[in-house]
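Chemist: My structure is below; once you've seen it, I'll send some questions.
The values are calculated or read from the model by the stated rules, or taken from the named source; none is laboratory data. What you are looking at is a predicted structure, and each value in this text was computed from that prediction instead of being measured. Cβ atoms come from the backbone with ideal geometry, glycine included; neighbour counts cover every protein chain shown.
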Amino acid sequence: MGLLVKFSFATLAFFSCMTVANALQYNVGDFNFKLTGYGTSGIIQPDFETPVFIGDWRVRGQMDFSPNETHKFGAVYSIDAAATDDGRAFREAFGYYELQNTGRIEIGFTDSIARKLGVGLPDVGGLRINDRPIFHKKIVPDGPVISDTTLTTGRRALRTNIVSAPRSGAQYGLSIAGITDDYDFAVDMGLKIRRPSGKLKRAFSFGTSFMDNPHGFSTDVYAPAVTSDWRAQFTAGMNIQYNSWIWGTTARVIYDENPIGPISDGIVAGTGVSYDLMKYSVSLTYMFSDTGVWNRDVKDFMDHMLIGSFRYKYSENVDGWISLGITSETPFVSAGMRITF
């Protein structure tokens with residue numbers, strides 16, 4: 001009964017946001033203020049037994065100043081459930097300058113450009129498959145799992161992102177990060193190519209990264225923190241859309257040179273497909289993780305994840321979802337409601 005009451009109150013709180021869903025953007029002269037986010041309330045049943053409450057949320061605020069059509073200055077602050085799980089007061093906090101038709105520079109605490117230009121796996125459920133999946137909060141893996149196919153070097157280091165404006169469907173950028181206890185410095189590069197015209201729409205992404213002297217660095221709660229001479233990463237992804245069908249596949253490779261302690265590098269790859277029909281959406285997503293594949297002194301750990309999801313959109317801001325899947329050899333069913341604004 002306690003779980004039902006908790007779920008009901010959370011759902012009621014989300015519905016109360018609906019009245020302001022279309023009033024969270026304001027323009028005052030050359031200044032623009034925007035607030036976006038979402039909240040998810042639901043349950044998950046590992047092994048189809050006792051249901052457990054799950055919740056997820058994110059709030060993002062952005063302010064920008066445009067003195068003319070060419071120049072734009074702005075600042076972004078966001079916080080979400082993943083950040084608070086790590087005891088941090090923000091997900092992103094950075095300022096930026098944008099020059100029309102040329103590019104953009106960001107300085108602060110944010111994702112690297114390789115991640116921002118990456119593509120994810122199709123999924124219509126509410127389990128955050130493309131960003132530290134929340135089902136592992138309730139279903140603990142039997143070993144280390146690399147659960148994200150998009151390259152990441154964290155958001156806890158002071159970072160500078162430089163990214164070009166899209167030209168002929170291509171966009172590229174460079175990240176430099178440092179001033180952190182996690183590593184000496186990191187350099188990331190990303191490229192995205194879009195072909196959005198016609199019935200067949202395509203997007204391709206590539207990313208690479210070099211991190212010097214990581215010591216106790218971790219961006220994934222399911223894999224041990226790494227201490228090594230250096231870490232190199234590579235990621236590639238593809239999304240293809242034909243009418244209401246979307247097919248995507250992504251992969252990420254991590255290599256640590258002379259790691260000390262538990263092994264946390266390896267490979268992760270996934271593929272998925274989704275289909276939209278009016279207010280209904282369905283998806284099927286598969287992901288494979290192999291941690292420790294490069295080190296012959298330890299046994300590597302392999303994990304398979306398969307999730308099918310169904311979503312019904314009640315209105316512009318409210319939808320419900322249900323997912324059925326298996327991960328870490330544990331089958332589960334999950335359902336919930338999401339409010340966006």
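Chemist: Out of segment 316-341, which residues are of a type in the set (Phe, Trp, Tyr) and modelled with pLDDT under 95? It would help to see each step written out before you state the result.
Modeler: First pass over segment 316-341, keeping only residues of a type in the set (Phe, Trp, Tyr): 321, 332, 341.
Correct list: 341 only.
Chemist: Given 234, 210, 217, 204, which one is modelled with pLDDT of 95 or more, under 18 Å from residue 179 (Cα atoms) and out of contact with any Pro (no Cβ under 7 Å at 6 or more places or on another chain)? Break it down into steps so the answer makes sense when it comes.
Modeler: Numbers: 234 fails: under 18 Å from residue 179 (Cα atoms); 217 fails: modelled with pLDDT of 95 or more; 204 fails: under 18 Å from residue 179 (Cα atoms).
Step by step, each of 234, 210, 217, 204 is checked, and only 210 is modelled with pLDDT of 95 or more, under 18 Å from residue 179 (Cα atoms) and out of contact with any Pro (no Cβ under 7 Å at 6 or more places or on another chain).
Chemist: How about segment 289-325: which of its residues are within 19 Å of the chain's Cα centre (by Cα), among the hydrophobic types (A, V, I, L, M, F, W, C) and buried (at least 17 other Cβ atoms within 10 Å of the Cβ)?
Modeler: Once the filter is applied, which keeps residues that are within 19 Å of the chain's Cα centre (by Cα), among the hydrophobic types (A, V, I, L, M, F, W, C) and buried (at least 17 other Cβ atoms within 10 Å of the Cβ), segment 289-325 yields 305, 307, 321.
Chemist: While we're on this one: Consider residue 298 against the criteria (1) at pLDDT below 95; (2) farther than 27 Å from residue 329 by Cβ: it satisfies all of them except one. Which criterion is unmet?
Modeler: Result: residue 298 fails condition (2) only.
Chemist: Still on this structure, please answer the following. Please go through segment 150-163 and pick out each residue that is surrounded by fewer than 16 Cβ atoms within 10 Å (Cβ to Cβ) and under 19 Å from residue 100 (Cα atoms).
Modeler: 162
Chemist: In the list 264, 334, 281, which residue meets the criterion of being crowded, with 19+ Cβ neighbours inside 10 Å, among the polar types (S, T, N, Q), touching a helix residue (DSSP H, G or I) at 6+ places or on another chain (Cβ under 8 Å) and touching a residue at least 60 places away in the same chain (Cβ under 8 Å)?
Modeler: Being crowded, with 19+ Cβ neighbours inside 10 Å, among the polar types (S, T, N, Q), touching a helix residue (DSSP H, G or I) at 6+ places or on another chain (Cβ under 8 Å) and touching a residue at least 60 places away in the same chain (Cβ under 8 Å) holds for just one of 264, 334, 281, which is 334.
Residue-by-condition table, conditions (1) more than 26 Å from residue 172 (Cα to Cα); (2) touching a Phe, Trp or Tyr at 6+ places or on another chain (Cβ under 6 Å):
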position: 55; (1), (2): yes, no
position: 62; (1), (2): no, no
position: 76; (1), (2): no, yes
position: 86; (1), (2): yes, no
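Chemist: Go through (1) modelled with pLDDT of 95 or more; (2) surrounded by fewer than 18 Cβ atoms within 10 Å (Cβ to Cβ); (3) more than 20 Å from the chain's Cα centre (by Cα) and name the single condition residue 193 misses.
Modeler: Tallying (1) modelled with pLDDT of 95 or more; (2) surrounded by fewer than 18 Cβ atoms within 10 Å (Cβ to Cβ); (3) more than 20 Å from the chain's Cα centre (by Cα), residue 193 fails exactly one: (3).
Chemist: Just to be sure I understand, how many residues within segment 22-60 are surrounded by 15 or more Cβ atoms within 10 Å (Cβ to Cβ), more than 18 Å from residue 140 (Cβ to Cβ) and of a type in the set (A, V, I, L, M)?
Modeler: Total satisfying the criteria: 2.
Chemist: Any idea how many residues of segment 239-261 are at pLDDT 95 or above, hydrophobic (A, V, I, L, M, F, W, C) and surrounded by fewer than 20 Cβ atoms within 10 Å (Cβ to Cβ)?
Modeler: Qualifying residue count for the region: 5.
Chemist: In the list 261, 272, which residue meets the criterion of being in a strand (DSSP E or B) and not acidic (Asp, Glu)?
Modeler: The match here is 272.
Chemist: Let me ask something else about it. Answer yes if at least one residue in segment 223-246 is touching a His at 6+ places or on another chain (Cβ under 7 Å) and without any contact (Cβ under 8 Å) to a residue 40 or more places away in the chain, and no otherwise. Please lay out each step first, then the result.
Modeler: First, the residues of segment 223-246 that are touching a His at 6+ places or on another chain (Cβ under 7 Å): 227.
From what's left, without any contact (Cβ under 8 Å) to a residue 40 or more places away in the chain: 227.
Yes - at least one qualifying residue is present in segment 223-246.
Chemist: Taking the options 120, 42, 55, name whichever one is under 25 Å from residue 322 (Cβ atoms), assigned to a strand (DSSP E or B) and modelled with pLDDT under 95.
Modeler: None of the others qualify; the one that does is 55.
Chemist: If residue 296 satisfies all but one of (1) in contact with a strand residue (DSSP E or B) (Cβ under 9 Å, 6 or more places away or on another chain); (2) without any contact (Cβ under 8 Å) to a residue 40 or more places away in the chain, what's the number of the condition it fails?
Modeler: Status for residue 296: all satisfied but (1).
Chemist: Do we have residue 203 as in contact with a Ser or Thr (Cβ under 9 Å, 6 or more places away or on another chain), of a type outside the set (D, E, K, R) and farther than 23 Å from residue 85 by Cα here?
Modeler: no
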